[in-house]
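Notes for the one structure printed next.
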Amino acid sequence: MKLFIATLLSFLLSIITLASAVDRPTASLPAASGGIVCAMSLCPTATLSKRDLTCPAHCKDNCKIIDDQCCPGVQKAVCNNSSDASSAVESSTAVATPTAVSSSSSSSVSSIISSSSVASSSAQPTSSSAAGNTASSSAVASTKMVLSSIVLMAMITLIRLNQGACIDLINQEMFDHGWNNYMQHAYPEDELNPFKCTGRGSDKYDPSNININDVLGDYSLTLVDTLDTLAVGTQEQFEEAVDRVIKTVSFSQDNKVQVFEVNIRALGGLLSAHMLATEPSFHHTIQGYNDELLYMAKDLADRLMPAFQTSKTGIPFPRVNLKRGVPPSETTETCTAGAGSLILEFGVLSRLTGDPTYEQAAKKALKAVWHRRSHLNLLGNVIDIQTGHWIHTASSTGAGIDSVFEYMLKAHVLFGEQEYKDMFDQAYKALLLYVRDPSGYLYRNVHMSTGSLMSYWIDSLSAFFPGLQVLQGDLDSAIKHHLVFYNIWRRYHALPERFDFYQKTVDLPYYPLRPEFIESTYHLYMATKDPFYLEVGEMVVEDLNNRTRVPCGFASIGDVRSGRLEDRMESFMLSETLKYLYLLFDADHPINTMDSNYVFTTEGHVLGLPKKYLRYSNTSSKGPAVATLQQSPAGTCQRYNPSKRHYASVPNALEMTTMPHQPHMDVAAHMVGHTTTTPVLPPLSPDGFCESPHHAIKSYSVSFGFSSPAERFFKQQHNNNNLMEILGGYLAKSLSGLKLELINGGGSRKNEYLVKGVHPPTTSFAEHQTLTIPLHALFEYLSTSSDLFRLTVQQSGISKSRDYLASDFEVSIKSTGQDQCFEFIGLKAEFGPTYPTQISMSELEFISGFGCDPIESGKHKVMVISRGQCTFEEKAWHAQQAGARAVVFLNNQPDQSLFRMAATSGTQRPIRIPSVLLSYEDSLLLVKNKPLQQFSMQQLESVDQDPEARFVLYFQNQVVKNLNVINV
C-alpha cells in the first residue's frame, strides 16, 4: 500500500511540476488574480528598496516595479512588456506569516505543492526569448489551473487515507528540496543562501565574524555534514556524495575555525559515513570504498590537535587555524560544551585508526572540566583553559554547557566504560537538585556554587535534554520538560532562541532551523510510541513548510513573532532537523530497529562501534554495558500513564492515556503563556471537570527530636553543630535535632530520594581535625563501590603505593644495573602456582612479537612479553615450554589500570610458572632500561599483617582529607 501511494504521489507531483512549468520560464509565485492561490509563506517581511529588487534574467534588464498582489505592502520586479504577474521573480527576501496550525493535513500539503512547483520550475532552463514569456494563453492557464486543482484534491484525499505514509513522503520531499537546491546553487560552498540562491563560505573580509567563520571553512560543510542523512534516504545518493567528498573536499584551508563546531559537523560526518560504508550491520556498505573518509577524518583531527598542545589544563583552545595551528592572539576562554564534547568523535577515530592520541586528548579535556565542578557537582559555562578558573558561573542544560552531559552518557553507551556513566550520574543528580525548578518542568540558569537563580530565560538548545533524559530512563522528567518546548512552539509556530518564563514572552526571537526539539520528540516517540509525538512531528513539518520554505531551500526565521526570514540555511537543517523528522515517521527504518551501542552525536550523526573496537572490563569476561530502552518484546517502554487508568475496554475506542489527555499538558501551556480560544481537547476526566497534575516533584521533611529539653537547651546555647559533609554525604555525631529536606529524585530508579537540604547547617573539618576509622569499616564499601572508592597502602621498604584490594596478589620486582636500581609492582595472574612467588638473581629475555607461537630462546630466564594477539595463558604456556622461570607481561594500554589476568575456561594446559602483569608506566620504564643485569621477584606479605601500614582513601579519584585509616 505504501509503495502504491508513493508511486502515485510521485506521479501526481510530476504532473504538477509540468503544469507549473508550462509558461513559467523562471521561479515565480502565482498571482492573486485568475483564481490562483497565493503562497503567503513566501512573502517577504520587510519592504525592499528598488535597488534590492532583482530584475529577472529573461526581462533583459527591462523591468518595472509593481505591487505584489499576494503580499500586501510588498513590491516586486516584473518584465516591462509583460502583463502577467505570474512570470515575475520574487524579491531576494521572503516572509513567513504566522498562521494557526490546521488540524487537517490539507493546509500543509497545499503549501508544499505550491512551494514544490516553484522549486521545480526554478530548475528548468531559463528562456532567452521574451516572446516565450508572453506566449501563454488564457486557455493554457485555465487548463493548468484545472489540472493542478484536480491533482491537489487527489493528494489531499490520499493523505487522509494514509496519513503516516504521506507524511513520510513529504519529509523525503522536504529533504530533496533543501539538498537539491544546495547542490544546484551553493556547492562547493559551505552553506546555501536560500534567498539569493547562492553559496556561502568563510568571511574573508571580516575574520572577526565568528558567527560565520567558526563554522564555515571552505570545505563544503553541508555536503560533509549531510552524508549519513543521505544514507538514511537512498543508497545511490549516499554513494554519490561520498565519492564527491573524496574527490573534491580538502581541509587544508587557511581559515580559523572553532574546534567544537568542526568536530561535531565535519569530523563526525566523516566518521559516521565511514562506519556506514564499511560495517555490514548498517546495511550501507559501498563496494570499492577504501577507507578514504577515515583518512580524511584523521587529517582533519591532526589539524585540530594543536588546540590541545599548549594548554596547561588539557582543555583545548576554542579555535585553531587549519593550516597554521593556534593563532598567538587566540583567547583562552572556552565554553564547557566546547571543551567536553569531543570524546565521541575523537574516541571513535582512535579506535578505528589504532592511534590513542585523539581519545586521550578528548578524555583529558573532559576530565579537566569535570574535576573543576563545584561542591554541588555543578559545572559553569565558560572556563579559562590555562588557569582552570571559571569565567562564567551559570550552570544549566542549555547553550555553552548542553552537550557535555550528552557526551558523558553517550560515551558510556558507545564505549561501554563505567567512568563516563559515573560522571553523568553525579551531574544529572545535581541538575535535578539545583537546576530543575520545584515544578519539575523548567531547567533554569543557576549559580554553580550556590544553586541560586541567575536568569529568567531558557534557550532552545536545551530542548535536546528531554531526549537525553529518555536515554537515561527518566521518562517522567523527559515528558514534562518536553511539554514546555512543545507549548512554546504551539504559541509561535517555531522555537525562539530564548524564552523568558517569568514574563512569558520571547527574549531572543530568532529560530535558525534548530533540531533539538524535534530530536527530543523523536526519542520520546521511540520510547513510548505515544501517537501524540507523531502529531507534534506533523505540526513541525507543517510549520517548517508554511513559514520557512522558499524557492531555493529553507530560510532561518529572524523573528518568530513577525515571521521575518533571514538568508541562511545552516548545515544542521539537512544533517539533523530533517533526519529526525524522517526517522520519526519511518517506524520500519533499520536505525529504528537496532538494539546496539550506537548513538546519535550532538550533530545527529550515527556512530556505532563493533565489539572488536571495545575494551572489556578488567574484572569480568562479559562485554561492556550497553544502555537500551527495550523493556518489552515490542522494543518500547510501557505507555506513560502515571495514574494507571483504563478508560475503555476496546483499544483505541476512547484512548485517554495519550499525552494530550494528561493534566501535565495544561500546566506546561500555562507556564509559557499559551492560551487558545478553542480548547484543543474536551475536558474529560473521571475526577471532575478540572484535575491537578499527578506525580509532581514532592518534598518531604524528616526531623529528629531531642532526648530531653536539657539536651535541646545545651545544643542551642553552645551551638554544638554535629553535622559535617564528607564523601558526598553527611556525618552526624547524633541524630538529635537533625532535620532533612528530601525530594523525590524523578530518576530512572523508583523510590529514589535526594537530600535537598539539612538543618542545622553543616560544617567542614578544620585543618587540624581528623576522623579516625578502622580498616575493617571500609571493607563493604571497597568491595561493592569500587567505582567510587579506592584505598591505597604504603608500606615501609616498598617505594610505591599499592591498591589495597589487589595487595594480596602483588609482586615486588627489583632490577639492578651498573649504577641504578628500579622497583616495579606487578599483579599476579589467576593461573599458575598458588604458592608465594619468589625468584632471585635471574636474567631477563625480551621476546620479540607477542609470544603467541612457540618460543626458541629464554631457557632458565624470566621472559618479558607484550600483551595482545592471544590470551595471557597461551603466552605463559609457550614460555613454560621454552624453559622460562617466570613471565612478566608488559601492559601496552595506557588508560587501563592493573588487573589480574584471568584463566581461560576449559584449558587443559597446566601452568606451573608464575606470571605477572606490569602497569603501563612500569612497562615503559622496564623497556627503556633493557640492559638490566639482575632481576628478582618476590610476592609481598599481606597488608593485614602490617600494623604500620599507612592508608589513603580516594573518593571519586580525589583524596579524602582529614581521614585517618588505621589497621586494627
Task: the range 250-269 versus the range 839-878: alpha-carbon centroid distance in Å - done: 45
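Between Leu453 and Glu823, what is the FRET efficiency for a Förster distance of 56 Å, r being their Cβ-Cβ separation, to the nearest 0.05? Could the numbers behind the result be given before it?
Values: r = 55 Å, r/R0 = 0.98.
The pair Leu453/Glu823 has a calculated efficiency of 0.50.
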Task: Gain in span if fully extended, Thr357 to Ala777, counting 0.36 nm per residue against the direct Cα distance - done: 147.1 nm
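Based on the mean of other Cβ atoms within 10 Å per residue, sort peptides 308-318, 598-608, 844-854 so the most packed one is first.
Values: 308-318: 20.6, 598-608: 24.5, 844-854: 15.5.
Those peptides, ordered most packed to least, come out 598-608, 308-318, 844-854.
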Task: For His177, His776, order by how many other beta-carbon atoms lie within 10 Å, fewest first - done: His776, His177
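Going through the cross-link list Lys298/Lys364; Lys363/Lys961; Lys196/Lys480; Lys247/Lys323, which pairs have a Cα-Cα distance over 30 Å in this structure? Intermediate results must be reported in sequence, preceding the final value.
On the way: Lys298/Lys364 19 Å; Lys363/Lys961 26 Å; Lys196/Lys480 41 Å; Lys247/Lys323 20 Å.
In this structure, Lys196/Lys480 lie more than 30 Å apart at Cα.
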Task: Whole-Hz couplings from phi, Karplus 6.51/-1.76/1.60, listed for the range 337-353; x for Gly and Pro - done: 4, x, 7, x, 10, 10, 5, 5, 5, 5, x, 5, 4, 5, 5, 6, 9
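Are any of the pairs Lys410/Lys612; Lys861/Lys928; Lys312/Lys429; Lys814/Lys859; Lys367/Lys928 more than 22 Å apart by Cα-Cα distance, and if so, which?
Numbers: Lys410/Lys612 19 Å; Lys861/Lys928 19 Å; Lys312/Lys429 30 Å; Lys814/Lys859 20 Å; Lys367/Lys928 29 Å.
In this structure, Lys312/Lys429; Lys367/Lys928 exceed 22 Å between Cα atoms.
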Task: Other-chain or far-sequence residues with amide H under 5 Å of Leu742's (modelled H) - done: Tyr700, Ser701, Val702, Lys756
Task: Contour excess over end-to-end distance, with Cα ends at Asn892 and Asp291 and 0.36 nm allotted per residue - done: 213.8 nm
Task: Nitroxide proxy distance, nm - points 7 Å out along Cα→Cβ at Ala903 and Gln235 - done: 4.9
Task: Cut-off under 5 Å, modelled amide H: who pairs with Ser866 long-range - done: Leu890
Open item on the list: Between Asn211 and Asp243, how high is the FRET efficiency from 1/(1 + (r/R0)^6) when r is the Cβ-Cβ distance and R₀ = 51 Å? Nearest 0.05.
Closed with: 0.95
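All of the numbers you see were taken from the coordinates with simple rules; none came from a lab. What you see is a predicted model; the values in this text were computed from it and never measured. All Cβ positions, glycine included, derive from the backbone under ideal geometry; neighbour counts span all protein chains shown.
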